[in-house]
Every structure is written in C-alpha cells, then in structure tokens.
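Data first, discussion second: the structure below is written as structure tokens.
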Amino acid sequence: MKLEHIGIAVKSLENSNQLFKDLFNREHYKIERVESEHVNTSFFQVGESKIELLEATDPQSPIAKFIEKNGEGIHHLAFEVKDIDAELKRLSDLGYRLIHEQPKDGADNKRIAFLHPKSTNGVLVELCQEKA
Ligand code: ZN
C-alpha cells in the first residue's frame, strides 16, 4: 500500500489550481470530470503522491454537501492497493463498513471504493487500483 493521493474539497477549481500551482511551482497535469461523483477534479504530482482537488458540479454532489457541512479542506486519503476486490473482501470480513461494496470507475484511470469514515476514525479512506 502507498498513499496515492490526498483529496481536497474546494469551492472553485480555477482558484485552487492557481493557489496550488503557486505552492508547488508547477501546473496540474490533468483535469477530469467524474460524472458518477458529480465532481470536477484536477491533479498535481507531488513526489510519489498526488493532490486531487475536487469541485462540485451540482448541489447533489458529495463535495457540495461536504463543503456545506465542513467548509473547504481535506476530504479523503487514497491508498493504492494491488487487488482492490480482495482488499474490500478482506476489510469487509474484518467488519469494516464499506460505502462501495464493489469498486467503481474513478478519476485518473483508477478503480476506486470508499470505506465508511465511521469505521476509520472519522477519516474518509479511498482504496484505488490502477486500471490495467
Ligand atoms: Zn480520490
């Protein structure tokens, strides 16, 4: 497992792209809309890991609800695994609550699934696996 990326909820992708560009002194390498999650995302490479900025595309978006409740900020930690199906089964068998029983398509060419934060000390954890 490695920390693949940190997801940050932002109100404006455009404003935050500029902010993180200044911070890292480099451009984001991709912008991608994820219809199933109602988000626009952008990615910055930072060493071995990435920063994923998430902007809601409509009020039903989980990101819109998150910002309404908590304001902007860290939304989730994503860990890369070799076999996401096996990991979900293993964690489910251990009693972890899963938000997604089955992996779904995420941004950046990944299959993803979230664990419920009630199981993980209030931290929203994403598991991801690069698509073959
Ligand atoms: Zn993510």
**Request:** Quickly run through region 73-109 and pick out the residues that are of a type in the set (D, E, K, R), at pLDDT 95 or above and surrounded by 15 or more Cβ atoms within 10 Å (Cβ to Cβ).
**Result:** E80, E87
**Complete:** Subset of region 104-132, residues on the phi > 0 side of the Ramachandran plot and more than 12 Å from the ligand (Cβ to nearest atom), comes to N109, N121, G122
**Asked** Which condition number in (1) surrounded by fewer than 16 Cβ atoms within 10 Å (Cβ to Cβ); (2) acidic (D, E); (3) modelled with pLDDT of 95 or more is the one that E48 fails?
**Response** (3)
**Prompt:** Among the residues of region 1-37, how many are surrounded by 14 or more Cβ atoms within 10 Å (Cβ to Cβ), at pLDDT below 95 and either of a type outside the set (D, E) or out of contact with any strand residue (DSSP E or B) (no Cβ under 9 Å at 6 or more places or on another chain) (or both)?
**Reply:** 1
**Fill in**
By residue number, the members of region 14-33 that are among the hydrophobic types (A, V, I, L, M, F, W, C) and in contact with a Ser or Thr (Cβ under 6 Å, 6 or more places away or on another chain) are I31
**All positions within region 104-132 that are in contact with a strand residue (DSSP E or B) (Cβ under 7 Å, 6 or more places away or on another chain), under 17 Å from H5 (Cβ atoms) and in a loop (DSSP other than H, G, I, E, B)** = A107, D108, N109, V123, L124, K131
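The values are calculated or read from the model by the stated rules, or taken from the named source; none is laboratory data. These figures come from a predicted structure and were not determined experimentally. All Cβ positions, even for glycine, are placed from backbone atoms using ideal geometry, and neighbour counts span all protein chains on display.
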